[in-house]
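**Q** For reference, the structure I am asking about is given below.
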Amino acid sequence: MGGAALLAGFVLAPLVIPGAYFQTAMGDLVPLVVVGATIILTFRNAIESRGPTRLFWWLMTAAMGMWWFNQASWAWFEVVLRRPVPDPYFGDVVLFLHAVPLMAAMALRPQQGSESEGMLGSGVNMVILLVWWVVVYAFVIFPDEYIILNSAVYSRNWDLLYLLEGLILIALSGWAFFSSQGPWRGLYRNLFVACVVYSVASEGMNIAITRGTYVTGSIYDVPFLASLLCFFSAALYGRRHLRETQAMPAITPARGSLTPYLTKTALFSLPLMGYWALYVSNAPPYLRQVRFGVAMGGVAALAFVVFMKQQLLDRRLVQLLQQSRQSLSNLQRLHGRAIQQEKLASLGELVALAASELDYPLSAILESSESLAASSNLRTEQLSTAQKIGQQARRTRDLVTDLLSFAQQTPGEKIPLELKPLIQRAVQMEGFKLEGREIALTVQSEDPLPRVLGNSNQLLQAFLQIVENAVEVLHEAGGGRLLVSLWREDKEVVLEFADTGPGLKDPERVFDPFYTTKPIGKGTGLGLSATYGVIQDHKGQISCYNRAEGGAVFEIRLPMLKTGAALAEAAVRA
């Protein structure tokens with residue numbers, strides 16, 4: 001209703017307030033205000049959207065901005081300076097090119113949600129189309145407009161090219177309308193109507209200008225203003241349905257964007273234009289050479305843009321490959337963690353049951369063996385046998401204690417703590433055993449390091465287990481060095497235990513329960529499994545691998561301490 005009232009006022013105002021200047025001012029300023037209001041809407045739509053939808057509205061904003069510049073230039077000459085627009089007019093180039101972002105927006109089809117080209121590729125395709133239309137303008141119109149002035153020829157060519165642009169806009173918007181659904185269909189319907197009305201209005205105005213009957217603010221400007229109101233209505237519709245158009249994927253099968261096909265057509269057309277200018281055209285030789293030079297310059301410019309596009313797409317491809325590799329690595333790590341958790345859970349239940357059943361008979365055997373060993377009525381052989389039974393019973397009892405400790409791992413109370421003092425304590429405790437051994441323990445740490453949320457006793461035992469294993473391996477190898485490094489990486493604190501020993505025989509099985517490379521009687525194979533459980537309980541990650549230069553590396557990653565409300569919540573959950 002508001003648009004109809006504005007059109008009615010536009011038609012009736014010159015009748016109420018007669019005068020050529022008032023009619024001219026109405027014909028220039030009213031469209032200028034409507035285009036300006038449309039720019040505000042498209043700009044806000046672009047700011048508040050994302051992805052391909054944001055690019056769509058940026059293209060619409062660019063088209064409306066170029067249109068506004070041309071309309072403002074007309075108002076400057078006719079309203080402010082009160083003189084006719086010069087011929088040739090520099091704003092013709094801007095008016096001619098303002099349709100290019102509209103074409104790119106129609107061909108983009110953001111509702112398809114296609115990522116084959118991406119924002120970067122779509123932007124480069126837009127540059128290719130813009131360069132091509134500039135070349136076409138310079139090839140067809142510029143020579144007769146500025147080199148050898150021929151108003152009749154360049155006006156005719158300008159009108160034909162502008163009509164071609166209008167027909168392309170109608171085709172693109174109509175295709176987008178008939179191949180979309182939902183809110184996007186409504187948006188493309190408004191744009192299709194706007195393109196049809198504008199193409200008809202601009203063709204009528206061009207015919208009137210050619211005949212010399214056009215006057216600003218006359219009846220020819222009524223359909224022109226109606227087309228601007230249609231574009232405003234499309235922008236307003238997009239504003240009201242911005243959330244739906246942003247969230248809605250294509251319902252129809254995705255056919256992709258037309259922009260790549262348009263760019264290919266543009267690339268192949270330039271050599272044909274150069275051939276026509278040099279061998280077919282009947283224009284004077286100088287103009288033929290100019291047109292040939294323009295075509296070849298366009299080929300060079302588009303070749304450079306295509307080369308840059310390929311470079312950017314190659315870089316994007318490398319980034320995607322790196323992300324895929326990282327995703328695969330994360331998936332494998334999560335799969336391994338899930339398997340390990342299942343092993344620990346099922347094994348913990350079995351171990352707890354077995355250890356509980358073994359505890360009573362072991363206590364009875366140990367008590368009986370100690371009573372026999374304390375008896376004075378036994379012969380030497382019998383006493384030796386009783387002592388051996390007690391020794392093996394105690395060893396079995398220690399094993400059962402380890403099993404129970406492994407099976408009954410429960411999350412302890414977690415508080416903010418620093419890892420460096422824990423590491424130094426673990427290294428110091430193990431260092432007391434190194435007298436006479438050629439083994440060096442070193443700690444390197446970034447300062448300051450963020451704190452973590454953890455249980456100091458559990459983490460100390462985990463660190464001690466890794467350090468003890470490394471020291472035993474280095475002792476068997478005749479000496480070496482263990483370097484413990486701490487640093488911050490993103491939102492994690494990283495601990496690395498790197499030794500110069502012979503390395504791990506089977507890194508993938510290190511954290512499996514009961515897996516050990518130690519001789520019988522010297523290890524249960526539960527230490528690193530328990531360490532794995534402790535790190536998992538602290539929301540961290542632990543991994544191991546062999547270095548190329550020799551030696552094993554254990555890496556622990558723990559999340560750095562959260563602050564404020566997040567810290568309180570994490571502490572409660574822990």
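The values are calculated or read from the model by the stated rules, or taken from the named source; none is laboratory data. Treat the numbers as computed from the prediction; the structure is a model and nothing was measured. Glycine gets a Cβ as well: all are built from the backbone with ideal geometry, and neighbour counts include every protein chain shown.
**Q** List every residue pair whose Cβ atoms sit under 9 Å apart, with the two residues 6 or more apart in sequence or on different chains, where the first one lies in region 462-490 and is at negative phi and the second, anywhere, is aromatic (Phe, Trp, Tyr) and assigned to a helix (DSSP H, G or I).
**A** ALA462/TYR532; VAL484/PHE463
**Q** Right, something else. Return yes or no: is VAL443 at pLDDT 85 or above, among the hydrophobic types (A, V, I, L, M, F, W, C) and within 20 Å of ASP537 (Cβ to Cβ)?
**A** For VAL443, the condition - at pLDDT 85 or above, among the hydrophobic types (A, V, I, L, M, F, W, C) and within 20 Å of ASP537 (Cβ to Cβ) - is not met.
**Q** May I pose another question? Please go through region 134-161 and pick out each residue that is buried (at least 19 other Cβ atoms within 10 Å of the Cβ) and of a type in the set (Ser, Thr, Tyr).
**A** Passing the criteria: TYR137, TYR154, SER155.
The rows are residues; the columns are (1) within 31 Å of the chain's Cα centre (by Cα); (2) within 24 Å of GLU203 (Cβ to Cβ).
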{"residue": "VAL34", "(1), (2)": "no, yes"}
{"residue": "ARG44", "(1), (2)": "yes, no"}
{"residue": "TRP68", "(1), (2)": "no, yes"}
{"residue": "GLN71", "(1), (2)": "no, yes"}
{"residue": "VAL79", "(1), (2)": "no, no"}
{"residue": "PRO84", "(1), (2)": "no, yes"}
{"residue": "ASP92", "(1), (2)": "no, yes"}
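**Q** Within region 417-430, identify whether any single residue is part of a helix (DSSP H, G or I), modelled with pLDDT of 80 or more, of a type in the set (Lys, Arg) and surrounded by fewer than 14 Cβ atoms within 10 Å (Cβ to Cβ), and answer yes or no.
**A** no
**Q** Another question, then. For ALA75, which of the numbered conditions (1) of a type in the set (Gly, Ala, Ser); (2) at pLDDT 85 or above; (3) within 16 Å of THR61 (Cα to Cα) fails to hold?
**A** Condition (3) is where ALA75 drops out.
**Q** Another one. So SER179 passes all but one of these: (1) under 29 Å from ARG291 (Cα atoms); (2) at pLDDT below 90. Which condition number does it fail?
**A** Condition not satisfied by SER179: (1).
**Q** Hey, another quick one. Looking at region 132-241, what helices (runs of 4 or more DSSP H) fall wholly within it and have at least 3 residues that are over 27 Å from TYR21 (Cβ atoms) and among the charged types (D, E, K, R)?
**A** Details: elements: 151-178, 182-211, 221-240.
Passing ranges, in order: 151-178, 182-211.
**Q** Would you point out the residue of region 6-49, among those that are at pLDDT below 90 and either outside the structural domain of ALA201 (by TED's automatic domain parsing) or β-branched (Val, Ile, Thr) (or both), that is farthest from GLN71 (Cα to Cα)?
**A** The qualifying residue farthest from GLN71 (Cα to Cα) is VAL16.
**Q** Would it be correct to say that LEU362 is under 29 Å from GLN387 (Cβ atoms), hydrophobic (A, V, I, L, M, F, W, C) and at pLDDT below 80?
**A** Yes.
**Q** Ok, one more. Under 47 Å from the mean Cα position of the chain (by Cα) and without any contact (Cβ under 8 Å) to a residue 40 or more places away in the chain: which single residue out of ALA4, ALA63 fits that description?
**A** Selected residue: ALA4, the only one of ALA4, ALA63 that is under 47 Å from the mean Cα position of the chain (by Cα) and without any contact (Cβ under 8 Å) to a residue 40 or more places away in the chain.
**Q** Taking SER155 and the conditions (1) of a type in the set (Gly, Ala, Ser); (2) modelled with pLDDT of 90 or more; (3) in contact with a helix residue (DSSP H, G or I) (Cβ under 8 Å, 6 or more places away or on another chain), which numbered condition does it fall short on, given that it satisfies the others?
**A** Single failed check for SER155: (2).
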